[in-house]
Amino acid sequence: MSKFLAASIGRKFIMSISGLFLVMFLAVHLSVNLLLIFDDSGELFNKAAHFMVTNPIIRIVEPLLGLGFLVHIIWSFFLEYQNWKARPVKYDKKNSGVSSTWASRNMLILGALVLVFLIIHIINFYWVIRFTGNMPEVTINGEHMEDTYSLVAGLFKSSIIYDIIYVLGGILLGLHLSHGFWSAFHTLGLSNKNWMSRLQVIGKIYAIIIAVGFSIIPLYFLIKF
């Protein structure tokens, strides 16, 4: 096992598996967050957030998700360092755009920017909800739950700066995924030409959905309120 992880394919395999794990999480996370713009009363979003917090399966998956984020982020910097060590003199990049996209050539930069956005997101929401004990409560259909909607909607209604940050965060996620999605499958062995072309199309569509989906939420509150 140690030999597999030490090999280039092993390191890329870990990167791909952790990346696909996060791709699934983003799909679920976006589905829940879009409830913010479908119900201005906040009931739908609060119910969904309460379910995510109290569901035993989610509570088990949550630390695994955090581990997946850490592995993906740390491994990406480790791989870049290994590549830099193996190739201290950069290749000529004059024609690099002919055979690769901007996103594929700047995955580390995109990943670092996404990490900054993730830290801001954790400070704004996750830390407040989980650890501060300052969350207001609301009663819906006789059930007491945290008023997560007020926290999220309140931030987007009160701060244009954060609206812009979250729009940029959605765009950065989309750019990162536009290459990372199909690249993960390629590493796992789906290198057939027909499959790769399909996965590249699916990856672009998925990246656009993620970018537009996460960007539209702060824009909704900015424009409407």
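The values are calculated or read from the model by the stated rules, or taken from the named source; none is laboratory data. Since we're looking at a predicted model, the values are computed, not measured. A quick note on method: Cβ atoms are made from the backbone with ideal geometry, for glycine too, and the neighbour counts reach across all protein chains shown. To get the accessible areas, we keep the full protein, side chains included, count just its heavy atoms, and leave off ligands, DNA and RNA. Shrake-Rupley method; radii C 1.70, N 1.55, O 1.52, S 1.80 Å.
Annotations for the structure displayed:
- The share of accessible area on the chain that comes from carbon and sulfur is 70 percent, using a 1.4 angstrom probe.
- Per-residue SASA entry for residue 224, accessible area with 1.4 Å probe, Å² rounded to 10: 110 Å²
- Cα-based convex hull volume of the chain per residue, rounded to whole Å³: 159 Å³
- With a 1.4 Å probe rolled over the protein heavy atoms of all chains, the accessible area of 138, 212, 23 falls in the order 212, 138, 23, largest first.
- Under the Debye formula (equal points on every Cα, no solvent term), log10 I(q)/I(0) of the stretch 161-225 at q = 0.15, 0.20 Å⁻¹: -0.52, -0.72
- Ranking 58, 160, 171 by solvent-accessible area of protein heavy atoms (1.4 Å probe, all protein chains present), from largest to smallest, gives 160, 171, 58.
- Between residue 188 and residue 143, the FRET efficiency from the beta-carbon distance, with R0 = 41 Å, is close to 0.45.
- Residue 175 - accessible surface, heavy atoms, 1.4 Å probe, Å² rounded to 10: 70 Å²
- Inter-label distance, nm, simple model (7 Å from Cα along the C-beta direction), residue 43/residue 204: 4.2 nm
- Taking one quarter of the surface of the C-alpha convex hull of the stretch 96-152 gives a mean projected area of 6.0 nm².
- Over the stretch 113-225 - Rg/Rh using Cα atoms and the Kirkwood inverse-distance radius: 1.12
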